[in-house]
Amino acid sequence: MITAGHRFGFSTIVVATDLTHSGSCALQYAKRIAQLHKSKLIIVHAIDPAGYAFPEGAHKSVASDQRELDALRQIEEEIRDDGIETHSVVEAGVIYECILQAALDHQADLLVLGTRVITKIGRAALGTVARRLLATAPFPILTVPLAADSNLASAGQWQNVLVATDFSGASLEALDRAQAIVGRQLVVIHVTGDPEGSSHRRHLEHLRYLAPFNESHTVPVEHVVTGGEAGQAIAEQADRLRADLVVLGSPIDELNDEEFATSTVLQVISNVSCPVLCVPSTRDASVADVVNELALSH
């Protein structure tokens, strides 16, 4: 059964920042979670999102730019003044590899990545980095849009949580994580490709088995099965719920250019106004199959 609270903590958080200013939304969001969980915060310098268009590295060494180093020191001082243990990493090279390696080196259990981009080339290139990280990172990745700046108080204390499942191992892992961190209202959604709706009842029973109604505690669970395009349907439900957080399973394989436009995860990240927590699968595929078979037999 689901219990209200936050059973999942984060001991080490890595946040990627472009150093445009210390008040960037992703950095502020990561700071808020670090304060709540008494986490160590590792700041990884990343070039401006538009620079993600050069995924093989920046044209100049980031470490050689004294102004950026000075800005990083100022950010560190501000974070320490807030009582947060912090450390910074400044590297040049293949951007997503630098971020991933820093997170692995510091044994991070959460990576925070901002999605504050304006230009078309910036969005496309940021998606390139995000999809590579999502397919390779063994820890959850929290993507933070600029709109989340208006609701920093919910960071790490997520009240209204939407979790989407396609019954894969990764999405079952996402469901576990959502159940553990939700504070007030949990909505579990499955989007089916069945336009006639003939399978909706069966899928609804499946959802209720995997995430039963919480009768003895304070967190109600709503189960939603709907048809349509998955990314759009999930974004619409997030708006309806006024979700503080959307939780998804990370894709197992890196998406190619053709799959990029149709990726449910990337569509949700691009279209919702709240942060998205992408959870990698630690389940064996056969275990997920057994869980689903049990659910379908009820």
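The values are calculated or read from the model by the stated rules, or taken from the named source; none is laboratory data. Given the structure is predicted, the values throughout are model-derived calculations rather than measurements. As a convention, Cβ positions derive from the backbone with ideal geometry for all residues, glycine included, and neighbour counts pool all protein chains shown. With ligands, DNA and RNA removed, areas are computed over all heavy atoms of the protein, side chains included. Shrake-Rupley method; radii C 1.70, N 1.55, O 1.52, S 1.80 Å.
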Task: Any hit, the range 195-204, residues being within 17 Å of V268 (Cβ to Cβ) and open to solvent by 10 Å² or more (accessible area, probe 1.4 Å) - done: no
Open item on the list: Checking the condition in contact with a Ser or Thr (Cβ under 8 Å, 6 or more places away or on another chain) and closer than 24 Å to S273 by Cβ, which residue from L248, L207, L241, L186 passes?
Closed with: L248
TODO: Can you tell me which residue within the range 66-100, out of those that are modelled with pLDDT under 75 and either open to solvent by less than 20 Å² (accessible area, probe 1.4 Å) or outside any loop (DSSP other than H, G, I, E, B) (or both), is farthest from L27 (Cα to Cα)?
DONE: Q66
Task: Hits in the range 157-175 - residues which are open to solvent by 20 Å² or more (accessible area, probe 1.4 Å), more than 11 Å from I189 (Cα to Cα) and in contact with a strand residue (DSSP E or B) (Cβ under 9 Å, 6 or more places away or on another chain) - done: Q159, N160, S168, E173
Task: the range 137-168: number of residues that are closer than 19 Å to F10 by Cβ and not in a loop (DSSP other than H, G, I, E, B) - done: 11
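Per-residue answers, yes or no, for (1) part of a helix (DSSP H, G or I); (2) without any contact (Cβ under 8 Å) to a residue 24 or more places away in the chain; (3) among the aliphatic types (A, V, I, L, M); (4) more than 17 Å from G249 (Cβ to Cβ):
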residue	(1), (2), (3), (4)
A170	yes, no, yes, no
L175	yes, no, yes, no
A180	yes, no, yes, no
G183	no, no, no, yes
V188	no, no, yes, no
E196	no, yes, no, yes
L204	yes, yes, yes, yes
R208	yes, yes, no, yes
P212	no, no, no, yes
Task: Failed item, numbered, when I269 is tested on (1) modelled with pLDDT of 90 or more; (2) part of a helix (DSSP H, G or I); (3) β-branched (V, I, T) - done: (1)
